[in-house]
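Encoded as structure tokens, the structure appears first; notes follow it.
The values are calculated or read from the model by the stated rules, or taken from the named source; none is laboratory data. Just so it is clear, the structure is predicted and the values come from calculations on it, not from any experiment. Ideal geometry is used to build each Cβ from the backbone, glycine not excepted, and the neighbour counts take in all protein chains shown. Just so you know, the surface numbers come from the protein's heavy atoms only, side chains and all, with ligands and any DNA or RNA stripped out. Shrake-Rupley method; radii C 1.70, N 1.55, O 1.52, S 1.80 Å.
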Amino acid sequence: EWNRGCEQLYGYTREEAAGRASHELLNARFPSSLEACLETLKRDGYWSGELRHTTRDGHEIIVEGRLQLMKSQGKRLVLETTRDVTERKREEQEREQQLAREQALRADAERANRLKDEFLATVSHELRTPLNAILGWATMLRRGGLDEGTFFRALGTIENNARSQAQLIEDLLDVSRIISGRLRLDVQPVEL
């Protein structure tokens, strides 16, 4: 028996389907082999699962299928019922892909945040190093009592570390300018 719903779903008329096994007509693909499904049907009296069928116009659809053993007028029959779940499966697949994209974006954001934290830790250390030398020598100068050589050494160290810190800050500003697209280049010929 091939009802009107089957005609609409698969595109074959009752006459075209008459006398043909549905799994052959529809090129059914079972989750395991047909033999395994039939063995379950014989043992339990029913089988249910997801099937892939091909419609008359060549489209593959996914159905939830159930095979049920029956007896009618002394004959053993198999009642097959199917429900088209193609759209639901497509939506589930799209949700899974969307979830995977979101997870990848989250991982990228977390990695970028980690790199930012590492960068800030390195910058903090690099800025603190010359500052410690400046503060140390400035404290010694304020207390006084340094001989002339140590006095000039203190001033030189303060000056060198202040330049070093200024260069670090300028480099950080260059990074900011690069990110914002406002880096200024000083282009001039160079004798190699």
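Before moving on, here are some points about what is shown:
- In segment 163-192, residue farthest from THR129 (Cα to Cα) [restricted to those that are more than 37 Å from the chain's Cα centre (by Cα) and of a type in the set (Gly, Ala, Ser)]: ALA166
- When the residues of segment 25-43 are filtered to those that are more than 39 Å from the chain's Cα centre (by Cα) and more than 22 Å from VAL85 (Cβ to Cβ), the one that is most open to solvent (accessible area, probe 1.4 Å) is ARG43.
- If you go through segment 127-136 and keep only what is open to solvent by 40 Å² or more (accessible area, probe 1.4 Å) and among the hydrophobic types (A, V, I, L, M, F, W, C), you end up with LEU127, LEU131, LEU135.
- Here ASP117, ASP174, ASP108 are screened, and the one residue that is open to solvent by less than 60 Å² (accessible area, probe 1.4 Å), acidic (Asp, Glu) and either farther than 30 Å from GLU50 by Cα or in a helix (DSSP H, G or I) (or both) is ASP174.
- Complete set of residues in segment 73-85 that are touching an Asp or Glu at 6+ places or on another chain (Cβ under 8 Å) and either open to solvent by less than 80 Å² (accessible area, probe 1.4 Å) or farther than 19 Å from TRP2 by Cα (or both): THR82, VAL85
- Scanning segment 1-24 for residues that are of a type in the set (Asp, Glu) and either under 20 Å from ILE62 (Cα atoms) or open to solvent by less than 40 Å² (accessible area, probe 1.4 Å) (or both) yields GLU7, GLU24.
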